[in-house]
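Rule-based calculations on the coordinates, nothing more; no lab input. Everything quoted here is computed from the prediction, not taken from an experiment. Cβ coordinates were reconstructed from backbone atoms using ideal geometry, including for glycine residues, and neighbour counts include every protein chain displayed.
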Amino acid sequence: GDSVTQMEGPVTLSEEAFLTINCTYTATGYPSLFWYVQYPGEGLQLLLKATKADDKGSNKGFEATYRKETTSFHLEKGSVQVSDSAVYFCALSASGAGSYQLTFGKGTKLSVIP
Amino acid sequence: DAGVTQSPTHLIKTRGQQVTLRCSPKSGHDTVSWYQQALGQGPQFIFQYYEEEERQRGNFPDRFSGHQFPNYSSELNVNALLLGDSALYLCASSLGTGSYNEQFFGPGTRLTVL
């Protein structure tokens, strides 16, 4: 079945450091890929998405590129801020009829210290 | 514009009891999905409702059931509660059921089973 594997956390960075959170997936066909963020005590918010190979999703300084050849969708940000502290989830939605669910990774907790 | 709302925020039940959780989708959305998020894990898909019918179901037992009303709101019912049902239950809404359609998440209901 479909699955998402993302790097284990927690990750602790100093403010303005470079961030990479690795995400790889297993799925048939051409899934859509997503990064969601969950701030403490809140639900999930969509951070960015990509729906086909080589697409780059970007939002709030975060970027991720859909790499079909390596089945990856790594999240990057050039300079993190304290306000980026949260749990980040990589997810996929399989292509094809009848595939409505999101499949999530286990999440990576990011803490940014001043 | 109100986003996805869920009630109650927190709930404490004992083993063997039954519980009903409620979700109102974002305005204009017609599809509701439910997810279970255990502590420290990513959300897991329970089921999705569209046009008042269950369209897809994840790997959850029949103790988990749901309903969608004509106004698109939804309920999640869990019977014969087990300790392992303790989790954050997330509702997500979208317009349509396609894999490209963004799912908007509510803040969740925290269920504790004692």
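Give the residue list of GluC sites (Glu not before Pro) in the stretch B:31-78 that are DSSP loop and have at most 15 other beta-carbon atoms within 10 angstrom. For GluC sites (Glu not before Pro) across the stretch B:31-78 that sit outside H, G, I, E and B with at most 15 neighbouring Cβ atoms in 10 Å, the list reads B:Glu51, B:Glu52.
Converting phi to 3J(HN,Hα) with the Karplus coefficients 6.51, -1.76 and 1.60 and the offset θ = phi - 60°, the stretch B:37-53 yields 10, 6, 4, x, 10, x, x, 10, 5, 9, 6, 10, 10, 8, 6, 6, 10 Hz in sequence order, with x at every glycine or proline.
Among the trypsin sites (Lys or Arg not before Pro) in the stretch A:31-64, those placed in a DSSP loop whose Cβ has at most 14 other Cβ atoms within 10 Å are A:Lys52, A:Lys60.
Evaluated at q = 0.10, 0.12, 0.16, 0.24 Å⁻¹, the base-10 log of the normalised Debye intensity for chain A, with identical point scatterers placed on the Cα atoms, takes the values -0.27, -0.39, -0.68, -1.41.
For the stretch A:35-103, the list of GluC sites (Glu not before Pro) that fall in a loop by DSSP and count at most 15 other C-beta atoms within 10 angstrom reads A:Glu42, A:Glu69. Semi-axes of the equivalent ellipsoid for the protein assembly as shown, computed as √(5λ) from the eigenvalues of its C-alpha gyration tensor and ordered from largest down, come to 29, 21, 16 Å. Once divided by 2.2 N^0.38 Å, the Cα radius of gyration of the stretch B:61-114 becomes 1.32.
Kirkwood-type hydrodynamic radius, the stretch A:49-114: 13.4 Å, calculated from all non-identical alpha-carbon pairs. The equivalent ellipsoid that matches the C-alpha gyration tensor of chain B spans semi-axes of 23, 14, 13 angstrom, in descending order. Per-residue Cβ neighbour counts within 10 Å put B:His67, B:His29, B:His10 in the sequence B:His10, B:His67, B:His29, beginning with the fewest. Backbone geometry of the stretch B:17-34 corresponds, through the Karplus equation with coefficients 6.51, -1.76 and 1.60 at θ = phi - 60°, to 3J(HN,Hα) couplings of 6, 10, 9, 10, 10, 10, 9, 10, x, 4, 4, x, 8, 10, 10, 10, 10, 10 Hz, x marking Gly and Pro. Plugging the Kirkwood radius over Cα pairs into Stokes-Einstein for the stretch A:7-61, at a temperature of 25 °C and a viscosity of 0.890 mPa s, what D comes out in µm²/s? D, rounded to a whole number, is 181 µm²/s.
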